[in-house]
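Enquirer: A single structure is presented below for examination.
The values are calculated or read from the model by the stated rules, or taken from the named source; none is laboratory data. This structure is a prediction, so every number in the text was calculated from the model and none was measured. All Cβ positions, even for glycine, are placed from backbone atoms using ideal geometry, and neighbour counts span all protein chains on display. These accessible areas exclude ligands, DNA and RNA; they are computed on the full protein's heavy atoms, side chains included. Shrake-Rupley method; radii C 1.70, N 1.55, O 1.52, S 1.80 Å.
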Amino acid sequence: APPYETIVVERKGRTALLTLNRPEALNALNLQVMHEVVDATVALDRDPDIGCVVITGSEKAFAAGADIKEMRPRSYLDMYLSDWFTAWDRLGALRTPTVAAVSGYALGGGCELAMLCDILLAADTAVFGQPEIKLGVVPGIGGSQRLTRAVGKAKAMELCLTGRTMDAAEAERAGLVSRVVPAGDLLAEALSVAETVAGMSAPVAMMAKESVNRAFETTLAEGVRFERRLFHAVFATEDQKEGMTAFVEKRPPRFTHR
Ligand code: CAA
């Protein structure tokens, strides 16, 4: 719980901005960072006044990976019994939409953290990679799975086997990031995207997120069936009436936020 030592959480209207703050280690993700990020985002997820969470780092580093110095001496049993990194799964399971705003290094666990978010925006300075192999390990926060789903086998295999990095332009071409913006505009752009999302119907945004995520977990026929059920369900909300009425009346909608 707060006060946090390795992150800063600010509220801007219905958006929360979570900034990783371990500059001395390029935001390396040690256990304290993991627990603080998870604790803070789980609390924000429960807060009806928050409709979107932006996660960012510094200009130089979103996060340079999991903390190598912390992991170095551990044994197999240390890692297994503490189920190292499992808490990160809770970030991917949030219902509130999340935006990663990546400037500078997003390597190893940093790239994995960005991929745990729903929308990934990159500054033109962003550098992505899964260089774990150079340390004699493999990715541990889902990188081999999410990178492969995002960019396909060809690039994922090359990145995971050689440890080479991708710049922002390559990451955009490969489909890892939704957009690249000039570094100076990154935060404003991420907050603007978040504000847009947070202005939508909160339950409908959750359903949209859930539906897109389902595409990664099931067959096409089952995924379409899942979407169809959600589509029918939104007609039980006032927001469907409000959204469609506002269109007909040529005015902006006033959605409820839970
Ligand atoms: N863990 C711990 N400390 C780290 C770190 C990490 N992942 N990345 C950087 N740091 C520390 C450095 O040790 C250094 O600390 P000291 O000043 O005390 O020596 C400080 O941050 C600044 O880093 P550099 O001096 O190295 O900065 P640079 O500008 O010369 O290089 C860099 C930047 C290329 C990102 C380089 O820091 C680097 O290669 N970092 C490691 C990247 C990496 O391998 N990440 C994967 C980690 S493993 C992992 O993430 C497992 C998983 O799947 C979850």
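Enquirer: If the requirement is being under 30 Å from Asp239 (Cα atoms), open to solvent by 20 Å² or more (accessible area, probe 1.4 Å) and more than 12 Å from the ligand (Cβ to nearest atom), which of these qualifies: Glu189, Glu158, Glu172?
Expert: On the way: Glu158 fails: under 30 Å from Asp239 (Cα atoms); Glu172 fails: under 30 Å from Asp239 (Cα atoms).
From the options Glu189, Glu158, Glu172, the qualifying one is Glu189.
Enquirer: Now for a separate question. Looking at segment 136-161, I want the residues that are at positive phi and have a partner that is surrounded by fewer than 18 Cβ atoms within 10 Å (Cβ to Cβ) with Cβ atoms under 9 Å, at least 6 apart or on another chain. Which pairs are those?
Expert: Filtered contacts from segment 136-161: Gly142/Asp89; Gly142/Gly92; Gly152/Gly175.
Enquirer: Let me ask something else. Residues Ala215, Ala246, Ala205: which one is without any contact (Cβ under 8 Å) to a residue 12 or more places away in the chain, open to solvent by less than 90 Å² (accessible area, probe 1.4 Å) and closer than 23 Å to Arg146 by Cβ?
Expert: It is Ala215.
Enquirer: Moving on. Look through Gly51, Gly57, Gly92, Gly104 and report the one residue that is touching a helix residue (DSSP H, G or I) at 6+ places or on another chain (Cβ under 6 Å), modelled with pLDDT of 95 or more and within 15 Å of the ligand (Cβ to nearest atom).
Expert: Gly92
Enquirer: Looking at (1) more than 9 Å from the ligand (Cβ to nearest atom); (2) of a type outside the set (A, V, I, L, M); (3) in contact with a Gly (Cβ under 6 Å, 6 or more places away or on another chain); (4) within 30 Å of Pro203 (Cα to Cα), find the lone condition where Glu112 falls short.
Expert: For Glu112, the exception is condition (1).
Enquirer: Considering only segment 53-82, how many residues are open to solvent by 70 Å² or more (accessible area, probe 1.4 Å) and under 19 Å from Ile133 (Cβ atoms)?
Expert: The qualifying residues number 5.
Enquirer: Now for a different question. Spot the failing condition for Arg146; the list is (1) closer than 30 Å to Glu238 by Cα; (2) open to solvent by 70 Å² or more (accessible area, probe 1.4 Å), and only one is missed.
Expert: Every listed condition holds for Arg146 apart from (1).
Enquirer: Please verify whether Gly184 is more than 19 Å from the chain's Cα centre (by Cα), away from the ligand (no atom under 16 Å from the Cβ) and either surrounded by fewer than 16 Cβ atoms within 10 Å (Cβ to Cβ) or without any contact (Cβ under 8 Å) to a residue 24 or more places away in the chain (or both), treating the condition exactly as stated.
Expert: Details: more than 19 Å from the chain's Cα centre (by Cα): yes; away from the ligand (no atom under 16 Å from the Cβ): yes; either surrounded by fewer than 16 Cβ atoms within 10 Å (Cβ to Cβ) or without any contact (Cβ under 8 Å) to a residue 24 or more places away in the chain (or both): yes.
The answer is yes for Gly184.
Enquirer: Do you know which residues across segment 51-104 are over 20 Å from Gly143 (Cβ atoms) and in contact with a Leu (Cβ under 7 Å, 6 or more places away or on another chain)?
Expert: Correct list: Val53, Val54, Lys60, Thr96.
Enquirer: Identify all residues within segment 119-136 that are more than 16 Å from Ala168 (Cα to Cα) and in contact with a Gly (Cβ under 9 Å, 6 or more places away or on another chain); write none if there are none. Full working, then the answer.
Expert: Step one: of segment 119-136, the residues more than 16 Å from Ala168 (Cα to Cα) are 131-136.
Result: Pro131, Glu132, Ile133, Lys134, Leu135.
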